[in-house]
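Notes follow once the structure below has been shown.
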Amino acid sequence: MASFFIQKDFIVKMDNVTASTVQDDETFLCIVNTCTVTQKSEQKARRIIRLLLKKYPFAVILVTGCYAQTNPRQILQIDSRIAVIGGQIKSRIAKLPDFFVDIFKKNEFEAKQTAEFINQTYSKQEESKYPVAEDAFKLSTTSFLAHSRAAIKIQDGCNNNCSYCAIHIARGKSVSLEASEVIKRVQKLEDEGHEEVVLTSINIGQYKSEYNNSSVNFARLLQLLLENTSKINFRISSLYPEVVTEEFCQIIKSERIRPHFHLSVQSGSDKILREMNRVYKSEQVKKACDLLRIAKEKPFIACDIITGFPGETDDDFDQTIKLCEYCNFSWIHAFPFSERQGTPAATMKNKVPQSISGKRAEELNKIAINSKINFIDYWKNKKLTAILETSKNTFTIQNQKKIYTYHAVTENFIHCQIQTEKELSELERKSINIKITTSLPEKIQKGGEIEASAELI
């Protein structure tokens, strides 16, 4: 969405805002993209909104995304300078640059009045039993301010009805970007010099399109992308286990498919998976991991786990532990069950106390930390390719020499810090060859982004 404002000559910043951020009286608009996966994500969004109100006292705070879709009233109650455009109609933000150009020409900008006008003019949405995101791919771009790695959203929404999840409520039914358009956008990224693109989605297994009068699923789309490009590499976002078929794994054997996968798992207990209304069983998760490891040499495989789902017993959780041990995940994103308004799970009986669900999540987090350290240590002193996440020329003086520090992401998703005398800004978007020198357990334990040290080869 930043590109639409840049095209109208507005200055756009994507800096982190903290309590120590200096008050800014010139910024007129702050945009917050929100999540509604858990109560904590909504709480975090509210904290950020209040912080922006304080640090940018003359700005409109525009809130969008899933939380803005499911509970706009709660957000609007925070302050009169807030405008809300729900996630399903997020594409309307593309109209705002022209709107702001007009009000500044007329010298009519005032934050509260502007927020009220946006709410009245751009935020209204007709209610529907089967909503679909409005122009879901309008805000896609080939320009990236904050990252060197490119991303393309190929699918949005979800047709599943998982009992704990509010995302299908917030996002609406599944929609897919036409295969021909995906190919065209990736080709443009390749022409512009990008060496990697992340294919993002809500449920990538529900990707559906047509190409040359034939049906295209996600596996076929990957094949078409490989056939219609020559150099660019592909990273895949979250996968359901049933997507990982033998056909899919034949395609990902390509060296241009990054060996990094994230499986949506949630539980190792078939009983709990059934209560969650998931469409697979634990054996399918095991099979998916086995197939991925046949296709790729020691790939990075991560997963999501929910602990303390209603009715989850010690035995159910033990099955989850055993599944994680079998699959040997490189990382486990574990979090306690969080009730989501409007979902069946919110009214289920046999609630698990938060003290228990929290302890179970902590146990999985300990396993996750050890697994990531072991994974990184396996790759020590081995050659890997990486993309610079940032090319900012941050340096220190050591022994009268400039030592530059860079953040890079390896092909198998190790976030590493590189210190070198070489200035690498000219390598933005380009692959570099590195060698992992050591894992950084303390930073991994604290949840830091940097996980390892590396050096250039």
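Counting only DSSP beta bridges with both residues in the stretch 270-419, what percent are antiparallel, rounded to the nearest 5?
If I count the DSSP bridges inside the stretch 270-419, around 70 percent turn out antiparallel.
Work out the length of the dipole vector of the stretch 2-121 about its Cα centre, built from +1 on the beta-carbon of each Lys and Arg and -1 on the beta-carbon of each Asp and Glu, and round it to the nearest 20 debye.
Taking the Cα centre of the stretch 2-121 as origin, the dipole is about 460 debye.
Rounded, prolate or oblate for the chain? Axes are the square roots of the Cα gyration tensor eigenvalues, ordered a ≥ b ≥ c, and the cut-off for rounded is a/c under 1.5.
The shape class here is rounded.
Let a ≥ b ≥ c be the square roots of the eigenvalues of the Cα gyration tensor of the stretch 204-274; is it rounded (a/c under 1.5), or, if not, prolate (a/b larger than b/c) or oblate?
oblate
Just going by the charge dipole of the chain, with Lys and Arg at +1 and Asp and Glu at -1 on Cβ, which of GLN113, PHE137, ILE387 is farthest out on the positive end?
Highest projection toward the positive end goes to GLN113.
Under the definition of Cα pairs under 8 Å and six or more residues apart, what whole-number percent is the relative contact order of the stretch 2-121?
So the answer I get is 24 percent.
Given Cα pairs under 8 Å that are at least 6 residues apart, what percent is the relative contact order of the stretch 345-456?
Rounded, it is 26 percent for the stretch 345-456.
Please say if the stretch 383-456 is rounded, prolate or oblate, where rounded means a/c under 1.5 for a ≥ b ≥ c the square roots of the C-alpha gyration tensor eigenvalues, and otherwise the choice is prolate for a/b larger than b/c and oblate otherwise?
In terms of gyration-tensor shape, oblate.
What FRET efficiency, computed as 1/(1 + (r/R0)^6) with R0 = 30 Å and r the Cβ-Cβ distance, is obtained for LYS271 and ASN374, rounded to the nearest 0.05?
Between LYS271 and ASN374 the formula returns 0.50.
How would you order 360-372, 119-131, 398-410, 263-275 from highest to lowest mean count of nearby Cβ atoms within 10 Å?
In descending order of packing, they fall as 263-275, 360-372, 398-410, 119-131.
With an 8 Å cut-off on Cα pairs and a minimum separation of 6 or more residues, tell me the relative contact order of the stretch 150-377 in percent.
Worked out over the stretch 150-377, it gives 18 percent.
With each pseudo-label sitting 7 Å past Cα toward Cβ, what's the ASN328-THR347 distance in nm, one decimal?
It is 4.6 nm.
Where does the chain land at 222 nm, in deg cm²/dmol rounded to the nearest 500, when only DSSP H runs of n ≥ 4 count, each adding -39500 (n - 2.57), divided by all residues?
-9500 deg cm²/dmol
Simple spin-label model, 7 Å along Cα-to-Cβ: GLN445 to LYS281 in nm?
For GLN445 paired with LYS281, the spin-label model returns 4.1 nm.
Calculate the FRET efficiency for ARG73 and LYS129 from the Cβ-Cβ distance with a Förster distance of 22 Å, rounded to the nearest 0.05.
So, using R0 = 22 Å, E works out to roughly 0.60.
Mind giving me the FRET efficiency for GLN23 and THR394? R0 is 22 Å, r the Cβ-Cβ distance, nearest 0.05 is fine.
Efficiency for this residue pair is about 0.30.
Within 15 Å, Cβ to Cβ, of PRO344, how many net charges do the neighbouring residues add up to if Lys/Arg are +1 and Asp/Glu are -1?
Local net charge: +3.
Just so you know, all these numbers are worked out from the coordinates, no wet-lab data involved. This structure is a prediction, so every number in the text was calculated from the model and none was measured. All Cβ positions, glycine included, derive from the backbone under ideal geometry; neighbour counts span all protein chains shown.
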